[in-house]
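**Q** Here it is: the structure, laid out below.
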Amino acid sequence: MTIQNTNDIGAAIQAMADANGKAFINPGAPYSFAMTEAGRNLARACGMPEDVVMSLRSHELTAIYSVARKSHTAAIKLCEKLSGVHNPTPATPAPLAPVAAPTAYDTETIERAIQDVLKIADARVDDRLTSIPALVASELAKLAPRQIVVQSPAGKAVTIARSHELFPRVLRYAGGRQWALLVGPAGSGKTTLATQIAKALDLEFYMTAAVQDATELLGYERPHNGEMRMTMFRLAYEFGGVFLFDELDASNANALVSFNAALDNGFCPFPDKVVKMHPDFICIAAANTFGNGADRLYVGRNELDAATLERFTVLNFNYDERLEMELSTNHDWTRYVQAIRAEVSKRKIRHIVSPRASFRGAELIALGDTWEEAAEARLWKGLVSAEKIAEINAVVPMSAFETSIL
């Protein structure tokens, strides 16, 4: 802390007294805007850093004023002490150990794959028996590895089962404090991946969806008692944790200004005080678009400011169909859903066919629905015309998948 002009301290003391209307300021006195600004100017004159100045409460401003009236040197020392309390030297984040190689498939996964192959082989028994080894290899190749073992910063081995193919990459970014923006369709597993990152790093998980006002991120002081309304972002930022900002592209761009500054500057001016970013704060954002505004599928999305996008490393987060197949309880139905998805995409039809159609449709079939009923309820949902459905079914016949003939 350096003082450019000690005369500034005397001038700031007088300005604070003038703003109060009298020289003596009671420790419990209510502070006007003018008094607060005069007190901050006094702290600045004593050499206090700007981020700490903005975090000072009224009783601290009063203490600096009272000490400064008696001794400028004592006021400078008090400001140094308060700076250490409000703005301690951050700890260096623990380095993240690399992700271990995927483990082998477990017995359950292998058995499920073989059962699928045997169904196919039964339908081709007349001429394809010799191809069973190839079929087994083909089915296993469609499956994502069941487990990834991560060495957490604390040295604990953490097993992540059934992760998206981009999990190792996002984990590397998190370990290097690179903020990832996952851009992908609904149901692609962005939220699940963020929770797995928190598990791998042994950190708390916090989440906020689209915001329209900055208070949804920063919180506010309750007017009746002055208590601070905390937010998920505040908790992660101040105390450490993985913070997922979901549906970033559905947020109001103006509400993100403070968020952008907090990511870049390493401190954030919340309504009650300035908070230093915790060394274990990890930020992941998720969106359905690349920030260019609404498109034919996501009509409610906003254009994101370039300043927001500049804070993130952007990843194209598509459906992981191998993982979808692994998580499915009905592989025949899932193959059908994936074939429909490919045809819908090929025809550029404005309709989402997410893995939820695979999982929820399989559940409906298990409850007794026919495939046609499950498709109507979970695949089409009344959003595609009967004519288009008929055209797609002509190319992707349901019967071919019901009988396991690929």
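The values are calculated or read from the model by the stated rules, or taken from the named source; none is laboratory data. It should be emphasised that the depicted structure is a prediction, and the values quoted were computed from it without experimental measurement. Every residue, glycine as well, gets a Cβ built from its backbone with ideal geometry; the counts of neighbours run over all protein chains shown.
**Q** Of everything in the stretch 239-259, what is assigned to a helix (DSSP H, G or I) and modelled with pLDDT under 90? Give them in sequence order.
**A** LEU248, ASP249, ALA250, ALA253, ASN254, ALA255, LEU256, VAL257, SER258, PHE259
**Q** Out of everything in the stretch 165-188 that is small (Gly, Ala, Ser) and touching a helix residue (DSSP H, G or I) at 6+ places or on another chain (Cβ under 7 Å), what residue ends up being modelled with the highest pLDDT? Working first, answer last.
**A** The initial filter retains those residues of the stretch 165-188 that are small (Gly, Ala, Ser), namely 174-176, 180, 184, 186-188.
Those left that are additionally touching a helix residue (DSSP H, G or I) at 6+ places or on another chain (Cβ under 7 Å): 174, 180, 184, 187.
Details: ALA174: 89, ALA180: 92, GLY184: 86, GLY187: 83.
Within the stretch 165-188, the match that is modelled with the highest pLDDT is ALA180.
**Q** Do we find that GLU204 is charged (D, E, K, R) and either modelled with pLDDT of 90 or more or in contact with a Cys (Cβ under 6 Å, 6 or more places away or on another chain) (or both) in this structure? Explain how you work it out, then say what you get.
**A** Numbers: charged (D, E, K, R): yes; either modelled with pLDDT of 90 or more or in contact with a Cys (Cβ under 6 Å, 6 or more places away or on another chain) (or both): yes.
It is true that GLU204 is charged (D, E, K, R) and either modelled with pLDDT of 90 or more or in contact with a Cys (Cβ under 6 Å, 6 or more places away or on another chain) (or both).
**Q** I need the helices (runs of 4 or more DSSP H) fully contained in the stretch 319-406, keeping only those with at least 3 residues that are hydroxyl-bearing (Ser, Thr, Tyr), under 30 Å from PHE167 (Cβ atoms) and in contact with a helix residue (DSSP H, G or I) (Cβ under 6 Å, 6 or more places away or on another chain). Working first, answer last.
**A** Numbers: elements: 321-327, 331-346, 355-366, 371-374, 386-395, 398-402.
Filter on the stretch 319-406 gives an empty set.
**Q** Let me ask something else about it. From (1) part of a helix (DSSP H, G or I); (2) buried (at least 16 other Cβ atoms within 10 Å of the Cβ); (3) outside the structural domain of GLY382 (by TED's automatic domain parsing), pick out the condition that doesn't hold for ARG311.
**A** (1)
**Q** Oh, and also: Of the residues that make up the stretch 325-339, is at least one aliphatic (A, V, I, L, M), at pLDDT 90 or above, outside the structural domain of SER258 (by TED's automatic domain parsing) and surrounded by fewer than 19 Cβ atoms within 10 Å (Cβ to Cβ)?
**A** No - not one qualifying residue is present in the stretch 325-339.
**Q** Follow-up question, since we're still on this one. Could you count how many residues in the stretch 247-264 are out of contact with any Lys or Arg (no Cβ under 6 Å at 6 or more places or on another chain), under 13 Å from TYR237 (Cα atoms), touching a residue at least 24 places away in the same chain (Cβ under 8 Å) and of a type in the set (A, V, I, L, M)?
**A** Qualifying residue count, the stretch 247-264: 1.
**Q** With respect to PHE267, is the statement that it is in contact (Cβ under 8 Å) with a residue 12 or more places away in the chain, in the same structural domain as LYS190 (by TED's automatic domain parsing) and touching a Lys or Arg at 6+ places or on another chain (Cβ under 7 Å) true? I'd like the intermediate steps shown before the answer.
**A** On the way: in contact (Cβ under 8 Å) with a residue 12 or more places away in the chain: yes; in the same structural domain as LYS190 (by TED's automatic domain parsing): yes; touching a Lys or Arg at 6+ places or on another chain (Cβ under 7 Å): yes.
Yes, satisfied.
**Q** Would you pick out the residues in the stretch 185-220 that are assigned to a loop (DSSP other than H, G, I, E, B), of a type outside the set (A, V, I, L, M, F, W, C) and surrounded by fewer than 21 Cβ atoms within 10 Å (Cβ to Cβ)? Break it down into steps so the answer makes sense when it comes.
**A** So in the stretch 185-220, the residues assigned to a loop (DSSP other than H, G, I, E, B) come out as 185-189, 202-204, 209-214, 219.
Filter once more, so that each one left must be of a type outside the set (A, V, I, L, M, F, W, C): 185, 187-189, 202, 204, 212-213, 219.
Result: PRO185, GLY187, ASP202, GLU204, GLN212, ASP213, GLY219.
**Q** A further question on this structure: State all residues of the stretch 357-383 that are modelled with pLDDT under 90 and surrounded by fewer than 17 Cβ atoms within 10 Å (Cβ to Cβ); if no residue qualifies, say none.
**A** LYS381, GLY382, LEU383
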